[in-house]
Amino acid sequence: MPLDFEDPGFDSVSVALSWKPELPDVLLVTPGVGVRCGEDQAVYGYQFDANGWARVISDHTASDFGYGWARFELSDADGHGRRLLLIQRASVQCESTWMGATYSVFRMASDSATPPVSLLSGEHGFWMGNDDDGLVFALKPDELIIELLDSSVDSGVHNRTQIHRYNFVDGVKRIDPVALQPHDFAEEWLTRPWSEMQSRSAPNTQKWHAKLHADLVLGEYTNVVLCAAKPDRWSIGFDIDLIGENRLKEPIGVHLLVRDLGNYRFEMEAVSDSEFEGCPGEGAPSDKHPWLSVEQLKALP
Amino acid sequence: MRRAIAFLLAAGTVFGQDAALARLKQELKTARDQEISAERKAQAEKEKTGVWPEAEQGLSAARIARVHTALLSWIELQLPMGRSAAAIKSSDWEAAIHSQLAAAGIAEKSRRLRQTRRKCRSISKIPVLIPSASH
């Protein structure tokens with residue numbers, strides 16, 4: 001067993017400074033507290049002027065294991081000279097490659113008199129991949145795009161690609177793409193709230209969503225086929241046996257009809273407890289993991 | 001008279017910094033003791049019941065938060081007034097902070113920065129084309 005795992009931590013601290021020329025009046029301070037297997041880090045931003053300093057950013061995620069490896073990224077400037085500041089951290093892990101990530105986005109004004117505005121913060125699990133490449137962030141002047149590998153509804157599928165694209169022009173909106181292939185969209189539809197899925201769903205699927213949705217849904221794929229008689233439609237079957245904390249006595253068998261609209265846009269067209277006509281055959285979810293480079297993410301229309 | 005006031009202010013600041021550093025050390029020690037004690041208790045419970053007790057959830061987070069609060073107080077007592085952010089970054093402020101922590105015996109040890117990361121099964125990750133309006 002590695003030495004660090006046996007060490008309960010809480011015997012050391014650290015302090016690191018970051019400064020970026022694009023934000024000349026801001027100093028980012030990263031204090032760290034030694035915990036088991038690593039270091040839990042907070043991030044504080046201080047704005048300096050002739051009168052002294054003021055703490056304008058306080059970013060720390062409470063957890064029992066800690067989040068460290070803090071990284072900062074600054075977007076290009078928008079038309080008003082403002083930039084987005086991304087603060088990201090990864091969970092402290094002793095051995096597992098299943099990790100957690102935290103991210104926070106602040107809008108930084110072009111002048112030092114205007115304090116940063118917190119736009120978004122969140123936590124997400126991810127699998128770090130074979131080459132520590134299971135999570136990437138793409139930051140644009142008005143957007144954050146997160147691409148990651150995370151667990152599937154079907155435990156027999158080791159991981160799937162997720163994409164979360166947030167636009168900050170008018171509030172905070174999750175925009176397309178929300179998935180890169182049809183069965184990943186089906187999983188996204190099951191595990192994300194109706195407020196996110198409504199614009200990507202036929203109205204008559206709402207009652208099914210209310211019945212099937214939870215942050216955690218587990219089951220297994222029963223069929224994934226491109227419908228021969230319905231152009232651009234995929235029939236995706238699941239046996240679902242856990243919805244949230246509700247372990248079902250009998251799995252619910254459902255079939256989701258996903259329409260591929262192109263450009264990584266999808267729509268949930270129908271949900272049924274029986275197979276759709278025009279979608280014969282049997283198939284399994286692809287074991288390929290579509291993956292966009294950071295440059296491709298930034299170039300998304 | 002002015003010199004006396006300046007001396008008193010400086011002495012007060014140093015005293016405040018020392019007190020904050022002492023509090024930080026104490027918070028670390030308390031957190032470590034509690035963590036060790038909680039782990040022993042949990043281990044005993046697990047051996048008895050075969051299940052890791054859930055009662056401990058959130059307690060480590062509270063311990064971490066308390067140390068962060070003490071650390072933040074100490075840092076902010078040392079942040080210079082009347083200097084620019086760039087000047088502080090390019091100065092020896094960061095090194096001085098580390099020296100103080102090292103002298104107090106609580107500086108980060110480099111071994112912590114080496115995180116064990118186990119590799120596991122491979123996957124097939126494929127590049128895809130950027131969507132275009134004509135897709």
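Here are the numbers for the structure shown:
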quantity	calculated
Filter pass, residue A:266 being under 21 Å from the mean Cα position of the chain (by Cα) and not β-branched (Val, Ile, Thr)	yes
The listed residue being more than 7 Å from chain B (Cβ to nearest Cβ), β-branched (Val, Ile, Thr) and under 28 Å from residue B:61 (Cα atoms), out of A:35, A:56, A:29	A:56
Matching residues in the stretch A:103-133 - criterion: being outside any strand (DSSP E or B) and facing chain B (nearest Cβ under 9 Å)	A:128, A:129, A:130, A:131, A:132, A:133
Among the candidates A:214, A:210, residue that is assigned to a loop (DSSP other than H, G, I, E, B) and within 23 Å of the chain's Cα centre (by Cα)	A:214
Selection count, the stretch A:1-15, where residues are without any contact (Cβ under 8 Å) to a residue 24 or more places away in the chain and more than 7 Å from chain B (Cβ to nearest Cβ)	3
Residues satisfying the stated conditions in the stretch A:59-81, i.e. of a type in the set (Gly, Ala, Ser) and more than 14 Å from chain B (Cβ to nearest Cβ)	A:75, A:77, A:79, A:81
Pairs with Cβ under 6 Å, 6+ apart, first in the stretch A:54-82 and at positive phi and without any contact (Cβ under 8 Å) to a residue 40 or more places away in the chain, second part of a strand (DSSP E or B) and of a type in the set (Gly, Ala, Ser)	A:69/A:90
Qualifying residue in the stretch B:112-134 (condition: more than 30 Å from residue A:287 (Cα to Cα), at the interface with chain A (Cβ under 7 Å from one of its Cβ atoms), at pLDDT 80 or above and not in a loop (DSSP other than H, G, I, E, B))	no
Residue check for residue A:100: on the phi > 0 side of the Ramachandran plot, surrounded by fewer than 21 Cβ atoms within 10 Å (Cβ to Cβ) and either away from chain B (no Cβ under 12 Å) or modelled with pLDDT under 95 (or both)	no
Meets criteria (crowded, with 22+ Cβ neighbours inside 10 Å, β-branched (Val, Ile, Thr) and under 16 Å from residue A:85 (Cβ atoms)) for residue A:33	no
Candidates A:236, A:240 - the one that is outside any loop (DSSP other than H, G, I, E, B), under 20 Å from residue A:150 (Cβ atoms), of a type in the set (A, V, I, L, M) and out of contact with any Leu (no Cβ under 6 Å at 6 or more places or on another chain)	A:240
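The values are calculated or read from the model by the stated rules, or taken from the named source; none is laboratory data. Note that the structure is a prediction, hence the values are computed from the model and not measured. With ideal geometry, Cβ positions are generated from the backbone for all residues, glycine too; neighbour counts draw on all protein chains shown.
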